[in-house]
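J.: Here it is, the structure, as structure tokens.
The values are calculated or read from the model by the stated rules, or taken from the named source; none is laboratory data. From a predicted model like this one, the values you see are computed outputs, not experimental measurements. Quick reminder, even Gly has a Cβ in these numbers, built from the backbone with ideal geometry, and neighbours come from all protein chains shown. Side chains included, ligands, DNA and RNA excluded: accessible areas come from the protein's heavy atoms. Shrake-Rupley method; radii C 1.70, N 1.55, O 1.52, S 1.80 Å.
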Amino acid sequence: MKNTALTETHKALGAKMVPFAGYNMPVSYEGVNVEHETVRKAVGVFDVSHMGEFLVEGPKALELIQKVTTNDASKLTVGKAQYSCMPNETGGIVDDLIIYRVKEETYLLVVNASNIDKDWDHISRYNEAIGADMRNISDDYSLLAIQGPKAVEAMQSLTSVDLASISFYSFVVGDFAGIEHVIISATGYTGSGGFEIYCKNSEVQQVWDKVLEAGADFGIKPIGLAARDTLRLEMGYCLYGNDIDDTTSPLEAGLGWITKFTKEFVNSENLSKEKTDGSKRKLVAFQMEERGIPRAGYPILDGQGNQIGKVTSGTMSPSLSKGIGLGYVTMEHSKVDSPIFIQIRINKVPATVVKLPFYKNT
């Protein structure tokens, strides 16, 4: 089990630690509902240093990224980030990721912790013919997510960068918490605004301490992975291993908006055919109409009791106080307002397909 540079700090704060993607990670400190509400209404800080980081550099960098990802990275200018995914050769997804253009010929790829080795091997295989410079810097860097509507105000004292001027999916390399050359990125996985801070492992303790100090007057709290999951699910953000994996196509997962057929990429011909012919199933969002919490793996049924899919993610929404979830269903049951049923043990509980996000930011 790997540790982040802050593992002992989390233990000292009373965090409940669990194994996650090969790392010892804080799942909660005070409890999921309290932490969830802190991010929705004020500001919270997550240690997500388990995420992987690859540097792709040189004159062939863009060519490699264009080959292995679905989105059009040629649109990225320096200081911009892009959500994308890596398709496999059989119609599924190797991983989803964020691509940062750091310099003209330098890109940072941020990938899921559980897929670091798999992603590295996949990209390396295609790079044999292309020849970009690649470095896996995952073990050297830490990542903090400072999320919530008060994030800008709470963190401004820590940097000379005007945080309010960093637009969504943009980033600045600047000073932060007394450290130079930190990536301050207006990205996140919560839907409540804020930043993600990339720094070296040797620097993250100082950053963490100063973040909590600067945020004290704004009600900042450390937040665990359990609240991270409820926050992302209220927005309908996909979680790799649940909602997308090696067997789900980006099109049926609702990721057509990051799948650009203006270029050739891995398996683009077959995915283009799928777009033309139509997918056989679709990832939908649903909310429970009666009491019940949907969980991953639960069958989704039609009105006659036939199985039409299964739940991929589900929870009791802290913001809405009702059960919500994502799951794949056949196309004829995928329209918004379609009635469906979730089998929870022996009960068939009614639910309705809804439009995302579940949580509407006021």
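J.: How much accessible area per residue does segment 135-230 have, counting only protein heavy atoms and a probe of 1.4 Å, in square angstrom?
T.: On a per-residue basis, 40 Å².
J.: Give a residue-ordered list of calculated ³J(HN,Hα) values for segment 184-194 (Karplus: 6.51 cos²θ - 1.76 cosθ + 1.60, θ = phi - 60°; whole Hz; x for Gly, Pro).
T.: Running phi through 6.51 cos²θ - 1.76 cosθ + 1.60 with θ = phi - 60° gives 10, 10, 7, 10, x, 10, 10, x, 10, x, x Hz.
J.: Could you check the simple spin-label distance between Lys263 and Asp162, using points 7 Å along Cα→Cβ, in nm with one decimal?
T.: Rounded to a tenth, the inter-label distance reads 3.2 nm.
J.: While we're looking at this one, here's another question. What does the charge add up to near Lys41, with Lys and Arg as +1, Asp and Glu as -1, over the other residues with Cβ less than 12 Å from its Cβ?
T.: +1
J.: I need the GluC sites (Glu not before Pro) found in segment 75-118, filtered to DSSP loop residues with at most 13 other beta carbons within 10 Å of theirs.
T.: Within segment 75-118, the qualifying GluC sites (Glu not before Pro) (loop, at most 13 other Cβ atoms within 10 Å) are Glu89, Glu104.
J.: I want the local charge near Lys282. Using Cβ-Cβ distances under 15 Å, sum +1 for each Lys or Arg and -1 for each Asp or Glu among the other residues.
T.: -1
J.: Which aspartates and glutamates have a Cα lying under 17 Å from the Cα of Lys11, excluding residues fewer than 8 positions away in the same chain?
T.: Glu30, Glu35, Asp47, Asp209
J.: I'd like to know which of Trp257, Ile342, Ser165 lies farthest towards the positive end of the charge dipole of the chain, counting +1 on Cβ of Lys and Arg and -1 on Cβ of Asp and Glu.
T.: It is Ile342.
J.: Would you kindly derive the ³J(HN,Hα) couplings of segment 21-37 from the backbone phi angles with the Karplus curve 6.51 cos²θ - 1.76 cosθ + 1.60 (θ = phi - 60°), listing them in order in whole Hz, with x for Gly and Pro?
T.: Working through the residues one at a time gives 6, x, 10, 8, 10, x, 8, 6, 10, 9, x, 4, 5, 5, 5, 4, 5 Hz.
J.: Just the number, please: carbon plus sulfur as a percent of the accessible area of the chain, 1.4 Å probe, no ligands or DNA/RNA counted.
T.: Carbon with sulfur: 50 percent of the solvent-accessible area.
J.: How about segment 279-342: which trypsin sites (Lys or Arg not before Pro) there lie in a loop by DSSP and see at most 11 other Cβ atoms within 10 Å? Kindly include the intermediate steps, with their values, before the conclusion.
T.: On the way: sites: Lys280, Arg281, Lys282, Arg291, Arg295, Lys310, Lys322, Lys335; in loops: Lys280, Arg291, Arg295, Lys335.
Qualifying residues, ordered by number: Lys280, Arg291, Lys335.
J.: Here is a follow-up. Taking 22 Å as the cut-off for C-alpha to C-alpha distance, list the pairs among Lys150/Lys360; Lys282/Lys355; Lys2/Lys200; Lys75/Lys335 that go past it.
T.: Correct reply: Lys75/Lys335.
J.: Mean residue ellipticity at 222 nm from the helices of the chain, using -39,500 (n - 2.57) per DSSP H segment of n ≥ 4 over the full residue count, to the nearest 500 deg cm²/dmol?
T.: -6000 deg cm²/dmol
J.: Points 7 angstrom from Cα along the Cβ direction at Asp175 and Lys335: gap in nanometres?
T.: Going from the Asp175 label point to the Lys335 one covers 5.9 nm.
J.: Which lysines have a Cα less than 17 Å from the Cα of Lys80, not counting those fewer than 8 places away in the same chain?
T.: Of all the lysines, those that pass the test against Lys80 - Cα under 17 Å, at least 8 places apart if same chain - are Lys103.
J.: Continuing with this model, one more query. Using a/c under 1.5 as the rounded threshold, could you call segment 255-362 rounded, prolate or oblate? The axes a ≥ b ≥ c are square roots of the C-alpha gyration tensor eigenvalues, and prolate needs a/b larger than b/c, oblate otherwise. Intermediate results must be reported in sequence, preceding the final value.
T.: Working: a/c = 2.58, a/b = 1.66, b/c = 1.55.
Note, shape of segment 255-362 comes out prolate.
J.: What is the dipole size for segment 22-117, taken about its Cα centre, with +1 at each Lys and Arg Cβ and -1 at each Asp and Glu Cβ, in debye to the nearest 20?
T.: On the way: 8 positive and 14 negative charges, 72 e Å.
Approximately 340 debye in magnitude.
J.: Please report the spacing between the Cα centers of segment 129-185 and segment 260-329 in Å, no decimals.
T.: Using only Cα atoms, the two centres lie 32 Å from each other.
J.: Rounded to the nearest 20 Debye, what is the dipole magnitude of the chain about its Cα centre when Lys and Arg each give +1 and Asp and Glu each give -1 at the C-beta?
T.: Result for the chain is approximately 1140 debye, rounded to the nearest 20.
J.: With labels modelled as points extended 7 Å from the Cα through the Cβ direction, what inter-label distance (nm, one decimal) is found for Gln206 paired with Asn306?
T.: About 6.4 nm, to one decimal.
J.: May I ask you to order 190-196, 164-170, 209-215 by the average number of other C-beta atoms within 10 Å around their residues, highest value first?
T.: Highest-to-lowest ranking by the protection proxy: 190-196, 209-215, 164-170.
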